[in-house]
Each structure stands twice: as C-alpha cells, then as structure tokens.
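Okay, structure first, notes after.
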Amino acid sequence: MTDDHPVPVERLVHAGSAVVALLFALVVASLISQLVTSVAVEIGVVTRDTNAFAIFRTVANFGGFLPAVIGYLLLTDQRRLVSVSLPSIREVGIIVGSAVVLYALQIGLLLALREFGLRTGQNPATMAPGDPVVYYGAMVAVSLFVVGPAEELLLRGVVQGGLRRSFDAAPAILIAALMFGVLHGNIEGTAVEQVSYMGVTVILGAILGVLYEKTENVLVPGFAHGLYNAIIFAGLLRGVL
C-alpha cells in the first residue's frame, strides 16, 4: 500500500507511471484492434458498417487491453500490482448490488442535470449500425464479459493500483476516476454535453474505485461495470422489441 511519508518525487513518479501505463495500453490496444479488424475484413469474417463489424471491433479494442496490461506489468516488473481473484459468493452479491446502484445513480444524475437545463451527449456505442435487436443483444454479453472487466483491469487495477503506492485511497481513486472520465469524452454532442457526460462518468468511476479499494479484487468493479453497461443495453433492447 502507501508509504507513511511518501516524498513529492515519489508521488510524481507514480502519477507519471499511471499516465504512461494508460497511454501505453491505449496505443497497444488500438494497434491490436486495427490489425485484427483489418485482417477480419480482408478475409471476409466481417463487413464494414455492419453489426458484426462494430461488435468485432469493440471486442478487439477492449480485449486488446489484456495483452497491453500484461505487457506493461512484465516490462516494468510489477507483476503483483493488480489484485485479482475469482469472485466469492459474497462478492457476486456486491457486484449485482453495485451495478444496480450505479444504474440508479446514473438516472438520478441525469435527472439532476436536466433540472439545470443540461443534457449529456450520446455514446457512439449505443448507436446500432444495423438491426438494433441483434446489436443490443450482443452488446449485453460483450459489456459484461469484455468491456467492463477490461476497462477496470486498466483503470482500477493498473492506474489506481499504481497510484496507491504513494497516494492515499481518496486521491488515488479520484485521479483514476478523472482519467476514466477523460477516456469517455469522445461522444456525440456539444462541448457542454460532452463535459456533462464526463462528469457523470467520473462519479461512477469513483464508486468503482471504492469497490476496488474495499474488495482488493479487480474483477468486482470489473463485473459491476460490465453488468451496469449490460443493464443499459438491455434497456435499449427492450425499447426496440
């Protein structure tokens, strides 16, 4: 965990390492996604501008976080930085309860923003390129088993875990949540709507950070995040049935 009296230089080094880890993972995952997706298109596995292509690219992009994180941990000799284990029955209950809380909180935050005449932009991932029933149905599973765990492995496991080497829990959670929010700035909408969206994301990310801090198991916030996303896509699916 943290040192009793971390010096400013150590804090800067660990904060810088967290940023480097994030950028490294994003670059590696992007390269893997582009390569795998291009090959899939070339050999006819998927066709561009289809549900299959969008889903395949999402899996490739977020799945790319895994080799990126493993590579980073090996290159920096930090194999024990990420705390991960198979969720217990108690942790499964925490996962489900946390996902429901995240979803309810999101609704509450969106309603609060509307009271001030503000709205959030739309995440491109919620826009089906083809048959929405097929797309939203597939994204329920992809969100739960790929997107949520992959993002939390990187943001909470590596970034927050790295910050905790010299920061107390609160600043480590907040910094990781802010990075999480920035990553979700690429959405459809005005600048104000984008900032509003990132603000909501930062709050949700902080809760996920607390989950990791309390459970010391990155799969707990990972599946809670995934289930939360899955609930959103399930709601979209219900709307088009």
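The values are calculated or read from the model by the stated rules, or taken from the named source; none is laboratory data. Predicted, not measured: the structure shown is a model, and the values here were computed from it. Using ideal geometry, Cβ is built from the backbone for each residue, glycine included, and neighbour counts are taken over all protein chains shown.
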Q. Tally time: how many residues in segment 214-231 are within 9 Å of GLY148 (Cα to Cα) and without any contact (Cβ under 8 Å) to a residue 24 or more places away in the chain?
A. 0
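Each row is one residue, and each column tells you yes or no for (1) touching a Gly at 6+ places or on another chain (Cβ under 8 Å); (2) not in a helix (DSSP H, G or I).
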position: THR47; (1), (2): no, yes
position: PHE53; (1), (2): no, no
position: THR58; (1), (2): no, no
position: PRO67; (1), (2): no, no
position: GLN78; (1), (2): yes, yes
position: PRO87; (1), (2): no, yes
Q: Those residues that are at pLDDT below 95 and of a type in the set (Gly, Ala, Ser), I need them from segment 86-127; list them, please.
A: GLY117, GLY121, ALA125
Q: For ALA141, indicate whether it is surrounded by fewer than 17 Cβ atoms within 10 Å (Cβ to Cβ) and free of Cβ contacts under 8 Å to residues at least 60 places away in the same chain.
A: no
Q.
Given the criterion at pLDDT 95 or above, within 28 Å of VAL140 (Cα to Cα) and in contact with a Lys or Arg (Cβ under 7 Å, 6 or more places away or on another chain), identify the matching residue among THR58, THR37, THR50.
A. THR37
Q. Taking segment 161-197 as the search range and keeping residues that are among the β-branched types (Val, Ile, Thr) and without any contact (Cβ under 8 Å) to a residue 60 or more places away in the chain, which one is surrounded by the most Cβ atoms within 10 Å (Cβ to Cβ)?
A. ILE173
Q. Any idea how many residues of segment 143-170 are over 17 Å from the mean Cα position of the chain (by Cα) and either basic (Lys, Arg) or closer than 10 Å to VAL218 by Cα (or both)?
A. 2
